[in-house]
1. If a residue has to be assigned to a loop (DSSP other than H, G, I, E, B) and more than 11 Å from chain A (Cβ to nearest Cβ) to count, how many in segment B:244-253 make the cut?
2. State which residue is nearest to the other protein chains (Cβ to nearest Cβ) when the search covers only segment A:168-182 and only residues that are open to solvent by 10 Å² or more (accessible area, probe 1.4 Å) and in contact (Cβ under 8 Å) with a residue 40 or more places away in the chain.
3. I'd like to verify a number: residues in segment B:65-96 that are within 11 Å of chain A (Cβ to nearest Cβ) and either on the phi > 0 side of the Ramachandran plot or part of a helix (DSSP H, G or I) (or both), how many?
4. Confirm whether A:Arg126 is basic (Lys, Arg) and surrounded by 15 or more Cβ atoms within 10 Å (Cβ to Cβ).
5. Are any residues in segment A:8-41 surrounded by 15 or more Cβ atoms within 10 Å (Cβ to Cβ) and assigned to a loop (DSSP other than H, G, I, E, B), and if so, which ones?
6. Could you list all residues from segment A:148-167 that are within 14 Å of chain B (Cβ to nearest Cβ) and in contact with a strand residue (DSSP E or B) (Cβ under 8 Å, 6 or more places away or on another chain)?
7. Can you find even one residue in segment A:60-71 that is over 18 Å from A:His275 (Cβ atoms), loosely packed, with under 13 Cβ neighbours inside 10 Å and touching a residue at least 12 places away in the same chain (Cβ under 8 Å)?
8. Take segment A:183-206 and flag every residue that is facing chain B (nearest Cβ under 10 Å) and open to solvent by 10 Å² or more (accessible area, probe 1.4 Å).
Amino acid sequence: MIYLDFEKPIQELTEELEKLKSVAEKSKVDMSKSIAELEAKIHEKRVEIFSNLTAWQKVQLSRHPERPYTLAYIDAVSNSSFIELHGDRTVGDDKAMVGGFGDVDGQTVMFIGQQKGINTKMRQIRRFGMANPEGYRKALRLMKMAEKFNKPIVTFIDTPGAYPGLEAEERGQGEAIARNLLEMTQLKVPVICIIIGEGASGGALGIGIGDKVLMLENTWYSVISPESCSSILWRSWSFKETAAEALKLTSADMSNNGLIDGIIKEPLGGAHNNHAEIFATVKSEILKQLEVLKKQTPDQRITARIDKFSAMGVVHDLEEEENK
Amino acid sequence: MGWFKRLKEGITTTTTEKRETPEGLWYKCPSCKKIHTAQEHKANQHVCLNCGYHERIGSAEYFEIIFDDNNFTELHENLVSGDPLDFTDTKKYTDRLTDTIKKSGLKDALRSAYGKVNGNDLVVCCMDFGFIGGSMGSVVGEKISRSIDFCLKNKTPLLIISKSGGARMMEAAFSLMQMAKTSAKLSLMDKAGIPYISLCTDPTTGGVTASYAMLGDLNISEPGALIGFAGPRVVKETIGKDLPKGFQTAEFVLEHGFLDKIITRTELKAKLSTLLKMFKN
């Protein structure tokens, strides 16, 4: 178990509990009462801490190393039926972006998502979930195939951004993302996008145009990471907490601002605390949304999708205000 | 005798007091350092007469270059940005907006207008770098969106002139969603078969590159313009090496297949009208 800085009180209590348990074991003295009391106290502390999380703490949670990544979700939701498909048919196979077919309770679904590595070596291979243009083009190829065979699409978003490398620029990172935005708008099949960790900027949006865009409770979605925002606007790396608040990047803020369609609740203590529970929640949410979306015609879905994104933004018309 | 001993002080003018050539009379090219009269320079559409360096210009200049007799009707000119996030960094966003509006005489980083180009109808959306680094916020997105509605209704081709540092951070996710919004709207142009030309000028980066700037039926650019997704500094930090010469210039982007053509500003109007005719006939 890895504890974040603000989880220190929970860690201390848990360690105390471990000690108590081992003492009870060795001395054969019945301590079940104090153990139960301590467990209740831990629960209470956890509820207290997790009901008052700051924006920055949620950013920390979204990056928790024990948090499940895209492939874990796909595997659980598809009951291990996932068949990964590779390559963009042009330059290569991007390991930071995964995709393929899976079966969800008898329904074939095209799964796509950024994948972070689970150990040091894999983190490098998967570029920490930062996709290259060929990753976005692979995603688009798979989405087009899903459209051709009339299969719904579910994307899992978890990226610190699109990869800002030399080759990425040579191969048109901007064009690749832009093309996805345009093409995803017009997909005839239902598209559900779920932010499961970090939703950073164009790199996230590149697979984020959907009929339903949902965020897990402890994730973030914005135009820039709080760290980079701090360095650009405050010209220092030390304002990340302030930047996190200012950006209004949490699921609650995004929902209040009407920029996402819903929040998926996480288990107490965050998704990493109970993988099975978050997998089950996500699966039932996907099934629920698909049920609704499948009742609409492709044209209805496309029109609603375009209308939804077209309505985003806050502007004032000086002329109209004057006439009032 | 002051042969060996300095009796007079040397140059005493401090750097701040140093005067460049008086403004408004002469133009000194930052690239080749040659000097021309401002009049000549303007007549050559702000392109250096000696080396062809394209000076950064704003929407007023582009409209004058493109539209016949500088005749155009501005669309949605009264849109100004809100402050949906109540954003404050080192300065309140609303103050920043008010100051910039006063200083630049612009209302936001993009102006839209329709008029004729050698007799051909065209809607032009042009970004202004002078407004918070040409950053894309709600107003930029909304103006493009409404201009596309105009194009769809009147079957008029669209030209977007990009010049931007990317998304406007003070509007955070709202600004991010302008990428989705403009691209969604462009998909309607795509379906309707109305030409959209994207002109990338120096600089075109970030969220603008990753949305409308790269989605033209034709992507064109001015010579030497910086065009990229990640800024050069970020790429340099990522690879930990110096960047190759000419990296992310228009010529580099053309060579890698993401631009149709590089067109000098002096030829822009003629080429545009030829292209518009070819789409039509």
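1. The first filter runs over segment B:244-253 and keeps only residues assigned to a loop (DSSP other than H, G, I, E, B), leaving B:244-248.
Now narrow it down to the ones that are more than 11 Å from chain A (Cβ to nearest Cβ): B:245-246.
Residues meeting the conditions: 2.
2. Step by step, filter segment A:168-182, then rank; the result is A:Glu175.
3. Residues that pass the stated criteria total 4.
4. Here the answer is yes, as A:Arg126 does meet what is asked.
5. Within segment A:8-41, A:Met31 is the sole residue that qualifies.
6. First pass over segment A:148-167, keeping only residues within 14 Å of chain B (Cβ to nearest Cβ): A:155, A:157, A:159-167.
Residues satisfying the conditions are A:Thr155, A:Ile157, A:Thr159, A:Pro160, A:Gly161.
7. The first filter runs over segment A:60-71 and keeps only residues over 18 Å from A:His275 (Cβ atoms), leaving A:60.
Still in the list and also loosely packed, with under 13 Cβ neighbours inside 10 Å: none.
Checking segment A:60-71: not a single residue is over 18 Å from A:His275 (Cβ atoms), loosely packed, with under 13 Cβ neighbours inside 10 Å and touching a residue at least 12 places away in the same chain (Cβ under 8 Å).
8. Passing the criteria: A:Glu183, A:Gln186, A:Ser201.
The values are calculated or read from the model by the stated rules, or taken from the named source; none is laboratory data. Fair warning: this is a prediction, and the values are worked out from it, not measured in the lab. Heads up, the Cβs are rebuilt from the backbone with ideal geometry, glycines too, and the neighbour counts pull from every protein chain shown. We work out accessible area using only protein heavy atoms, side chains counted, and drop any ligands, DNA or RNA first. Shrake-Rupley method; radii C 1.70, N 1.55, O 1.52, S 1.80 Å.
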